[in-house]
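Read the figures in this text as sums done on the coordinates, not as results from a lab. Fair warning: this is a prediction, and the values are worked out from it, not measured in the lab. Cβ coordinates were reconstructed from backbone atoms using ideal geometry, including for glycine residues, and neighbour counts include every protein chain displayed.
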Ligand SMILES: *[C@@H]1O[C@H](CO)[C@@H](O)[C@H](O)[C@H]1NC(C)=O
Ligand SMILES: *[C@@H]1O[C@H](CO)[C@@H](O)[C@H](O)[C@H]1NC(C)=O
């Protein structure tokens, strides 16, 4: 029975460059022991030099003071999922587009050393990552007077649930909520199936003042269940056009998001009910009201689920292609 966990641990440690897993199966003396929280990093990016990563270290005030962090503007935190890290193509593109605008402090949470594992172990690591994210945000609140309402977390796959878990912890401690969480195809395996592991660890609408979800591989790698105040189901939410593989549909949520940064009105979303009625009753006369999917989604739109026919031209706005294989090397 113990063979399986041992194999998984070794596998992860192989990728994580000798750092320890959170299963303390081996005595520390056998190898260099480093607790997994030391493998969670926060990097800030600024338009003065888009390729320069400024590390901000929890508890080290000078790393914050010497970074270009500006407490007067909103903060966005980008969080990747399984097998990804801070330099996969989509993170690079998203952080560059967002930092270039100068509208946000752009921070990338890099847990790459803990995400290059067997899926099941990465899943266990998400708890540590969420704890560090909570500590990081409280560090910003204490040292830069950050208003949590101006914080926006954008998480893909497991990263979506990490955002939800961290925000829930902050809310429990401080009674205050994060401004917005965007879940990009929030992960389903070991969250929603084979069974719901822990509701606390799943992103839901109580986790922030405004939660929006984009579902592109529902019932497979992503959850089909709504996670937010508004949930978008491009092309029905299960499979995306031109995608032969699940991973392709899964990452497409990120590509739609990036496209919306350059062209916020690119995707027209319709409330599902109204859209269905429209199709069934062919009420041609009454035009449907369209709402924006992506960066411009907002708490003033009606809450609920939305259908989106993706504009083919979204590809003009996306230049990154991340495949699972890309990110494993
Ligand atoms: C930008 O940052 C990178 C990485 O730190 C560095 O190598 C490069 O010299 C910097 N460029 C400029 C113009 O400062
Ligand atoms: C804070 O970080 C800086 C830069 O990495 C480092 O030189 C310094 O020793 C750190 N200070 C503490 C108290 O850890």
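Contact order, relative form, for the chain: 14 percent (alpha carbon pairs under 8 Å, 6 or more residues apart, mean separation divided by residue count).
Seen through its C-alpha gyration tensor, with square-root eigenvalues sorted a ≥ b ≥ c, the stretch 235-286 comes out oblate because a/c lies at 1.5 or above while a/b is not bigger than b/c. When both bridge partners sit in the chain, DSSP labels roughly 30% of those beta bridges antiparallel.
Can you grab the distance from the C-alpha centre of the stretch 71-106 to the C-alpha centre of the stretch 161-215, Å, no decimals? Using only Cα atoms to place each centre, the spacing works out to 19 Å. Simple spin-label estimate for residue 198 and residue 235 gives 3.6 nm between the two label positions (7 Å along the Cα-to-Cβ direction from each Cα). Structural size metrics of the stretch 197-329, computed from C-alpha coordinates, are Rg and Dmax of 15.3, 54 Å.
Taking the fewest neighbouring Cβ atoms within 10 Å as the starting point, the ordered list for 225, 182, 206 is 206, 225, 182. For the chain, the equivalent ellipsoid built from the Cα gyration tensor has semi-axes of 32, 24, 18 Å, listed from largest to smallest. The alpha carbons of the stretch 73-123 give a radius of gyration and a Dmax of 12.3, 38 Å, in that order. Take the Cα of residue 300, go 7 Å toward its beta carbon, and the backbone nitrogen atoms of the stretch 227-254 under 19 Å from that spot belong to 229-231. The GNM of the chain, with springs linking C-alpha atoms under 10 angstrom apart, assigns the highest mean-square fluctuation among 68, 241, 194 to 194. Can you tell me which of 302, 55, 189 moves the most in a GNM of the chain? Springs connect C-alpha atoms under 10 Å apart. Among 302, 55, 189, the largest GNM mean-square fluctuation belongs to 302.
Between the helical axis of 272-281 and the longest alpha-carbon principal axis of the chain there is an angle of about 30 degrees. Take every pair of alpha-carbon atoms less than 8 Å apart whose residues are at least six positions apart; their mean separation over the length of the stretch 146-288 yields a relative contact order of 18 percent. Within the stretch 61-149, the ratio Rg/Rh, alpha carbon atoms throughout and Rh by Kirkwood, equals 0.99. The relative contact order of the stretch 28-111 comes to 39 percent, based on Cα pairs under 8 Å that sit 6 or more residues apart. What is the angle, in °, between the Cα long axis of helix 246-262 and the longest principal axis of the Cα atoms in the chain? Nearest 10 is fine, range 0 to 90. The two axes meet at around 70 degrees.
A Gaussian network model of the chain, with springs between Cα atoms under 10 Å, assigns the largest mean-square fluctuation among 74, 311, 113 to 311.
Just so you know, the averaged projected area of the alpha carbon convex hull for the stretch 108-239 sits at 7.7 nm².
Sorted fewest first by neighbouring Cβ atoms within 10 angstrom, 57, 77, 181 come out as 57, 77, 181.
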